[in-house]
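Here's the structure we're looking at; comments come further down.
The values are calculated or read from the model by the stated rules, or taken from the named source; none is laboratory data. What you are looking at is a predicted structure, and each value in this text was computed from that prediction instead of being measured. As a convention, Cβ positions derive from the backbone with ideal geometry for all residues, glycine included, and neighbour counts pool all protein chains shown.
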Amino acid sequence: MAEQFTFNEYADMHVFYGRVFCNAAEARRLYSEHFPNRTVPSRETFKRVDRSLRETGTVLPKRGGEGAPRTVRTVVLEENILEAVADDPSMSIRNLSEQFHTYKSTIHRIIREQLLHPFHIQKVHAMTPQDFPARLEYANWFMDRQREDMTFINRVLFTDEAGFSRDGVINSHNFHIWAEENPHGILQTKHQRKFNVNVWAGIIGNHLIGPFILQDRLNGERYLEFIQNDLNGLLEHVPLQTRRDMWFMHDGAPPHFSLIVRDHLNHIFHNRWIGGGGPYSWPSRIFHFCLLLRLLSFVS
């Protein structure tokens, strides 16, 4: 860390430096003899003080990363910053600071005063042009069924599977330990001995079904075995009338699209199932729409 001196000390340094015709070593020797109780500056300090006065008119050292002189906050500056944010809401505080030559703290205050907050972007599935008509057709069909029967959504068993590994998903930015001293906590990841768990779960009405651990490598035969042997046991706590009128939904994963699975669903549910190759096709990347419908059903 650089040593700090008073303005009087800087002035004395410059006087002695000039007295010995810019000989930094001799200036330092005379300075130490004249002021034995002071911290003796280095030779580079004598040179810097002289150079700084000649080039900038000040003895204060320039702060790293200071860049160009900063603009004073004005009404015009505020309007320009807010206009830039409106044109590009994703622009960062740093980029705004560089563009308008203004401190980041000033930019931050201006934006906060307008009650603007930084919201994180949500990652969603990419859409193709073919997805939109299928999604719209499915949404219209679903809403028509719901208008005809307000209990329809509560009779659909929505299902999905997800894979979980030993490492899981860890956000180290949000993972911390409160302590008076650093406990040097560690978190073991990237294990050499790994395992994956394939978990199935469903929801119908107010009932959460599962979770149920499937075999690691799911195919049509294993998925059919699950529907035939395990699904009924998972539905035991669901009212009998609901199970009689139940619709079954799954997405278009390859095991779901298997012919033997579709034949079984046609035999058990007839026209009351939703999925790839079924009487009512499940469009790709439509999960968020159905999740919204499920939340609305809980609210109502």
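So is residue 225 outside any helix (DSSP H, G or I) and free of Cβ contacts under 8 Å to residues at least 12 places away in the same chain or not? Against the criterion (outside any helix (DSSP H, G or I) and free of Cβ contacts under 8 Å to residues at least 12 places away in the same chain), residue 225 does not qualify.
Considering the conditions (1) more than 14 Å from residue 157 (Cβ to Cβ); (2) of a type outside the set (Gly, Ala, Ser); (3) surrounded by 16 or more Cβ atoms within 10 Å (Cβ to Cβ), residue 225 is excluded by exactly one of them, (3). Does residue 284 qualify as being modelled with pLDDT under 80, small (Gly, Ala, Ser) and surrounded by 11 or more Cβ atoms within 10 Å (Cβ to Cβ)? Taking the combined requirement at face value, the residue satisfies it. Remark: pairs (first residue in the stretch 84-108, more than 15 Å from residue 74 (Cβ to Cβ); second residue acidic (Asp, Glu); Cβ separation under 9 Å; 6+ apart in sequence or on different chains) = 95/88.
When the stretch 233-270 is filtered for residues that are among the polar types (S, T, N, Q) and exposed (fewer than 11 other Cβ atoms within 10 Å of the Cβ), only 241 remains.
Would you say residue 148 is exposed (fewer than 10 other Cβ atoms within 10 Å of the Cβ), at pLDDT 60 or above and either closer than 23 Å to residue 274 by Cβ or among the charged types (D, E, K, R) (or both)? Criteria met by residue 148.
The residue that is modelled with the lowest pLDDT, counting only those in the stretch 59-107 that are among the charged types (D, E, K, R) and outside any helix (DSSP H, G or I), is 66. For residue 179, which of the numbered conditions (1) outside the structural domain of residue 159 (by TED's automatic domain parsing); (2) at pLDDT 60 or above fails to hold? Checking residue 179 against (1) outside the structural domain of residue 159 (by TED's automatic domain parsing); (2) at pLDDT 60 or above, the one that fails is (2). Screening residue 114 against (1) modelled with pLDDT under 85; (2) closer than 14 Å to residue 13 by Cα leaves a single unmet condition, (2).
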